[in-house]
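Step one of this worksheet: look at the structure below.
The values are calculated or read from the model by the stated rules, or taken from the named source; none is laboratory data. The model shown is predicted, which means the values in this text are computed figures rather than measured ones. Glycine also receives a Cβ, built like all others from the backbone with ideal geometry; neighbour counts cover every protein chain displayed.
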């Protein structure tokens, strides 16, 4: 059994943004039949189970709800789209990414046919597909999907609308990961303008955009422009504790890779374990706990948590001062 690990101590990872951007959907079809009533009842249960991270029980119910609605309305009715998104989200939570992609792709095809290629209702589906593409390391595909979503949102609501801030931020993050700072910078600036105008006083999304933009400025050696950005970050951080999401200058000095636990060998357990960590001002991991681990073998969770606690990072600096930072370490236990 081979174990792969990587660190996601970032301003706001694309994975995190998926869960803030997407939620399992619920709709009420226009005309009610016994099949549609049962489908709606199952959807309510899926909502509840998904919110409880009980994806194993949610999956068959999501499938059944879709089958019932297909039987009542046909395979290409637009009222199938929310249920396809539900099913895709459950598949994604269970790391069945190919199945999730198929569900989202079908939702997109139905929506394009029903509403047109530039309808704003396509944007969230495009974002979902983009996140999957990024997770599969297909950055070019993710870029195209995010760019299309952003263009649709701009056409519908204008270039400075709050509705496009999350997509603009995600595309900026993608460019920053590629070190394409000339494209990332303007997107971060746009998000900052939107968040400053429409966000809350202590807007965490604004903080993430400012942190990303600060990294871009350092990457471009624009040190004469970092002062105001650092000052605004310091104002937002205040005494609130760890920065949510982390920043890229908090890099791993020693990222411990866990041994495959003997307790999991007999059941041939494998999969992904995401460990949320808190890193103190010295770069030491002071808290570590598994998140989104429903259905994962307990020995894998324990091994990943222990490895995370033994890892070490360089201190994260904001305005020149070391700060605590939250982030995620992802361990993938992959069969050879």
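Filtered by the rule that a residue be under 17 Å from residue 326 (Cα atoms), at pLDDT below 80 and in contact with a helix residue (DSSP H, G or I) (Cβ under 6 Å, 6 or more places away or on another chain), segment 189-227 gives a lone residue, 203. Does residue 110 fit the bill of being assigned to a helix (DSSP H, G or I), closer than 18 Å to residue 156 by Cα and in the same structural domain as residue 168 (by TED's automatic domain parsing)? The answer is no for residue 110.
Applying a threshold of 7 Å to beta carbon distances and a minimum spacing of six or more residues, or different chains, the list of pairs starting in segment 111-135 at a residue that is surrounded by fewer than 21 Cβ atoms within 10 Å (Cβ to Cβ) and ending at one that is part of a loop (DSSP other than H, G, I, E, B) reads 113/76.
Under the condition of being surrounded by fewer than 15 Cβ atoms within 10 Å (Cβ to Cβ) and assigned to a helix (DSSP H, G or I), the residues counted in segment 167-185 number 1. Among residues of segment 72-88 that are at positive phi, those with a beta-carbon under 9 Å from a residue that is assigned to a helix (DSSP H, G or I) and surrounded by 19 or more Cβ atoms within 10 Å (Cβ to Cβ) at least six positions away or on a different chain give the pairs 74/80.
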